[in-house]
Amino acid sequence: MDLKKYIRSIPDYPKKGILFRDITTLIKNADAFRYTNDKIIELARKIEFDKVAAIESRGFVFASTVSYQLNKPFILLRKKNKLPAETYSVDFTLEYGDASIEVHKDSINQKEKILIIDDLIATGGTALAAAKLIEISGGSVASFIFVINLFDLPGNKMLKDKGYNTESLIEFPGH
């Protein structure tokens, strides 16, 4: 299945100069959504990991399926002040602003291997922040899986240059 035809591209969103790759058109198609999840699970089965983590919010859509199908605990990496218990927090820069993500301090045990899933890798700021959260929690990043890699933006290369394994289902230019 050609997943690219299910991705909507929206110019100048959320600000001028950004070409937003929208997955809502993929997930509203039952066949495309099932195929995407099946492919992510197929990739995940090849990775040794203890828990799956997802980056808010679109990563939750795909990681929950991996958690369910592979019977692995699911960790939420959330925006600042969204988690009720004690957290670790990492600040980072996005292509269009600054942000923070957090994880509960009791989500990850020492030396656990964590698979991180998100819908898209662009500049890499969010993904790198997610990796830092895993590591300050005492775990290690087993791999990243993304639905979309924006191949002409630096995120995927940056992660690989830092020694992280990355997988993605489809590629688009970022601009």
- Query: When only residues in the stretch 55-73 that are surrounded by fewer than 17 Cβ atoms within 10 Å (Cβ to Cβ), free of Cβ contacts under 8 Å to residues at least 24 places away in the same chain and more than 10 Å from the chain's Cα centre (by Cα) count, which is nearest to Arg21 (Cα to Cα)?
  - Reply: Ser64
- Within the stretch 99-136, work out how many residues are free of Cβ contacts under 8 Å to residues at least 40 places away in the same chain and in contact with a Lys or Arg (Cβ under 6 Å, 6 or more places away or on another chain). 2
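The rows are residues; the columns are (1) charged (D, E, K, R); (2) closer than 17 Å to Ile114 by Cβ.
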residue: Pro14; (1), (2): no, no
residue: Ile18; (1), (2): no, no
residue: Leu26; (1), (2): no, no
residue: Lys39; (1), (2): yes, no
residue: Lys46; (1), (2): yes, yes
residue: Arg58; (1), (2): yes, no
residue: Ala63; (1), (2): no, yes
residue: Phe74; (1), (2): no, yes
- Message: I'd like the full set of residues that are of a type in the set (A, V, I, L, M, F, W, C) and touching a strand residue (DSSP E or B) at 6+ places or on another chain (Cβ under 7 Å), limited to the stretch 68-97.
- Response: Phe74, Ile75, Leu76, Leu77, Leu83, Ala85, Val90, Phe92
- How many residues does the stretch 12-25 hold that are more than 16 Å from the chain's Cα centre (by Cα) and at pLDDT 95 or above? 1
- Selection from the stretch 85-103 of residues surrounded by 17 or more Cβ atoms within 10 Å (Cβ to Cβ) and either modelled with pLDDT under 95 or not hydrophobic (A, V, I, L, M, F, W, C) (or both) yields Thr87, Tyr88, Phe92, Glu95, Glu102
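The values are calculated or read from the model by the stated rules, or taken from the named source; none is laboratory data. Just so we're clear, the structure is a prediction, and the values are computed from it rather than from any experiment. Cβ: placed from backbone, ideal geometry, glycine included. Neighbour counts: every protein chain shown.
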